[in-house]
Structure formats: structure tokens, C-alpha cells
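Colleague: The structure's right below; bear with me while I get my questions together.
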Amino acid sequence: MSVNRRRALNIVLVVSLALNLLVFGGMAARMLSSPNGRPIPPNLNWVIRDLGDDTRARLQATLEQYSEETRPVRYALFQAQREVNALLIQNPLDTDAIGAAFETLRARGEEYQALSHRQTLALFAQLSPEEREEAMRFIQERSRPPRDRDRERSNRDDAEQAR
């Protein structure tokens, strides 16, 4: 293998490792900072958390089914991440095995994401327009960076105190 090709491969590996560490570091930070300690919801219960009792009761069986479908996919995703982590600390570093492990990790992540999207679509199809709006408010609140959420809460609190 030529020196330039080896250097390029090493650069690609370092960039890939940095991106993966960033993503999974963010997940770890979220696990440590969130009250329930879970970076990825086990199912879609979190989407309907703030909806009415009747809606939650009506969708409970569906959500349990989704959870069962998701469990093996999530497990495969976490196993793929563990494999990458184990390979990254081996000596000597096996770049071919790590590259293959990263490919598996990406495939498992895409599989989980696709299943999650299908389930979300099916769940939202069962909600009324008002319920979908309420669920989306929760999702949008959750997806904002913590600083933005804190700033918005502070502004709301200031406005209420000014009244």
C-alpha cells in the first residue's frame, strides 16, 4: 500500500471515528442529563405522553407491539456499537475490521431509523389533527438544544412575572 493511500485511509478513519464519537458522546451526555437516563426512547410512548388518557389507553396495545418490534433492532444497533468500540482499542489496530464494523453500525442505525419512521407515521395516522399538533409540540420542544429551551422558559417566566 502506498504511503499516500495509507495516509488518506488513516485520515478517513480518524474523521469517521471523530464523527462516531461525537454522535455517541452526545447520546451519552443525553443519557446522563435526562431524567430517565435513556438517549433513545424504547418506543413511541414519549410522543403521546402529554395527550389525553383516552388516547393513551386507545394506543397502548399498538405501542406495546411497536416496542416488541423495535427491541431486537435496538439490540443489534447497540451490539454493533460495542463491536466498533472493542475494535478501536485493540492492538494492533485492524483498520479493515473497523471499517466493516462501521458499515455494520451504519446499517443497523439505518434499519432502526427506518423502523422508527414507519412506526411514527402509523401512530400519527391514528391521531386527530389536534393530537398530532400536541405531539409535535412535544417533539419540537424535545429536539431544541437545552440552552434554547432554558432561554424560552426564562422568557416565559419573565413575561408571566411582568403581568
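Colleague: When you go through LEU77, LEU51 one by one, which is the residue that is buried (at least 16 other Cβ atoms within 10 Å of the Cβ) and part of a helix (DSSP H, G or I)?
Modeller: Result: LEU77 is the single residue among LEU77, LEU51 that is buried (at least 16 other Cβ atoms within 10 Å of the Cβ) and part of a helix (DSSP H, G or I).
Colleague: Would you check which residues across segment 74-90 are more than 24 Å from HIS117 (Cβ to Cβ) and polar (S, T, N, Q) and list them?
Modeller: Matches in segment 74-90: ASN85, GLN90.
Colleague: Return the residues of segment 123-138 that are open to solvent by less than 40 Å² (accessible area, probe 1.4 Å) and assigned to a helix (DSSP H, G or I); say none if nothing qualifies.
Modeller: Across segment 123-138, the qualifying residues are LEU123, PHE124, GLU131, ALA135, PHE138.
Colleague: Next question. If you go through segment 82-127 one residue at a time, how many are touching an Asp or Glu at 6+ places or on another chain (Cβ under 6 Å) and in contact (Cβ under 8 Å) with a residue 60 or more places away in the chain?
Modeller: Total satisfying the criteria: 0.
Colleague: Is it true that ASN91 is over 28 Å from PHE124 (Cα atoms) and either under 21 Å from the mean Cα position of the chain (by Cα) or at pLDDT 75 or above (or both)?
Modeller: In short, yes.
Colleague: If you scan segment 1-11, which residues turn out to be open to solvent by 80 Å² or more (accessible area, probe 1.4 Å) and either closer than 13 Å to ASP96 by Cβ or among the acidic types (Asp, Glu) (or both)?
Modeller: MET1, ARG6, listed by residue number.
The values are calculated or read from the model by the stated rules, or taken from the named source; none is laboratory data. Predicted model only: the values in this text are computed from it and were never measured. Don't worry about glycine lacking a Cβ; one is built from the backbone with ideal geometry, like all the others, and counts go over all protein chains shown. For the accessible areas, the whole protein counts, side chains as well, though only heavy atoms, and no ligand, DNA or RNA atoms are used. Shrake-Rupley method; radii C 1.70, N 1.55, O 1.52, S 1.80 Å.
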